[in-house]
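Read the figures in this text as sums done on the coordinates, not as results from a lab. In this text the structure is predicted, and so the values were computed from the model without any measurement. Here the Cβ is made from the backbone with ideal geometry for all residues, glycine too, and neighbour counts use every protein chain on show.
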Amino acid sequence: MELGDAIVGRRSIREYYTREVPMDLVKQVLVAATWAPSAKNEQQWRFTVLTGAAKSKFTNSFRKELRKTERSIGSPAMGSAYGSCDIMEHAPVLIIVWNAGARGWETEVHGVAAAIQNMLLKAYSLGLGSLWIGDIFYASDAVRAYFGKSWLLTAAVSIGWPANSPLPMTRKPLEEVAEFMS
Ligand SMILES: Cc1cc2nc3c(=O)[nH]c(=O)nc-3n(C[C@H](O)[C@H](O)[C@H](O)COP(=O)(O)O)c2cc1C
């Protein structure tokens, strides 16, 4: 697949077929992640891959944690959190992405974010759908405790065979987001 086509053609996919994703493909997605740039090449990304019963156990626990969050911040503030939880539940593969950066550099998370973008593009090139899920932060301390990690949580990424083809979301024109100085 041509890179430009992948960059423009990739979409956030929120509906998946239940068909299993071969672990070989998941590993290809993760290898692509590891080719991202990172500050001082310290490669702070870490991944926890969940499928089957391990994924169900996690999403059940996450939903309970969302209810606790809701009790403290109120339901109007929950945004798309429950919807994202449903997506995580139904996707065949869920990858928790961590930032193991131990130096406290602000830039450590940037490499992890670049790794996530590589994952999404590689998944797309393999015919897979994916979603970058920030709603995992609605219970971030609980997620870290669940997995017993001291690493920082960066995101969750769901992966599966796409069951729909969403139209592209609009993009701001270049004039609005870039300035050129010479
Ligand atoms: C940091 C980040 C967090 C996101 N979190 C969520 C999320 O929790 N739930 C969700 O449905 N989509 C989430 N998205 C997907 C965005 O909504 C999506 O990328 C955006 O609407 C543009 O659509 P596109 O990816 O199809 O181009 C997230 C994307 C990013 C980059």
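Enumerate by residue number the trypsin sites (Lys or Arg not before Pro) in segment 1-105 meeting two conditions: DSSP loop (anything except H, G, I, E, B), and at most 16 other Cβ atoms within 10 Å of the site's Cβ.
Numbers: sites: R10, R11, R14, R19, K27, K40, R46, K55, K57, R63, K64, R67, K68, R71, R103; in loops: R10, R11, R14, R19, R103.
When the trypsin sites (Lys or Arg not before Pro) of segment 1-105 are filtered for loop state and at most 16 Cβ neighbours within 10 Å, R19, R103 remain.
Just tell me the longest site-free run in the chain, where the sites are GluC sites (Glu not before Pro) in a DSSP loop having at most 13 other beta-carbon atoms within 10 Å.
21-105
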Loop-located chymotrypsin sites (Phe, Trp or Tyr not before Pro) in segment 69-143, at most 15 other Cβ atoms within 10 Å (DSSP): W105
In sequence order, calculated HN-Hα J values of segment 21-35 (Karplus, 6.51, -1.76, 1.60; Hz; x Gly/Pro): 9, x, 4, 4, 5, 4, 5, 4, 5, 6, 4, 4, 4, 6, 8
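Averaging sequence separations of C-alpha pairs under 8 Å and six or more residues apart, then dividing by the length of segment 1-134, give the relative contact order as a whole percent. Walk me through the numbers before you get to the answer.
Values: 150 pairs, mean separation 61.9, N = 134.
RCO, segment 1-134: 46 percent.
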With the crude spin-label approximation of a point 7 Å out along Cα→Cβ, what separation in nm comes out for A142 versus D5? 4.3
Put +1 on the Cβ of each Lys and Arg and -1 on the Cβ of each Asp and Glu in the chain; which of G4, W132, M181 then has its Cα farthest toward the positive end of the dipole? W132
Tail beyond 21 Å, pair distance distribution of the chain (Cα, percent): 54
For a quick check: with amide H placed at 1.01 Å from N, whose amide H comes under 5 Å from I13's, ignoring anything fewer than 5 positions away on the same chain? S130, L131
For segment 79-94, Karplus-derived ³J(HN,Hα) couplings (6.51, -1.76, 1.60; θ = phi - 60°; whole Hz; x for glycine and proline) come out as x, 8, 4, 5, x, 5, 5, 4, 4, 4, 5, 8, 5, x, 10, 10
With the Cα gyration tensor of segment 13-77 giving a ≥ b ≥ c as the square roots of its eigenvalues, does the rule (a/c under 1.5 for rounded; else a/b larger than b/c for prolate; else oblate) give rounded, prolate or oblate? oblate
A77-L152 pseudo-label distance in nm [points 7 Å out on the Cα-to-Cβ vector]: 2.2
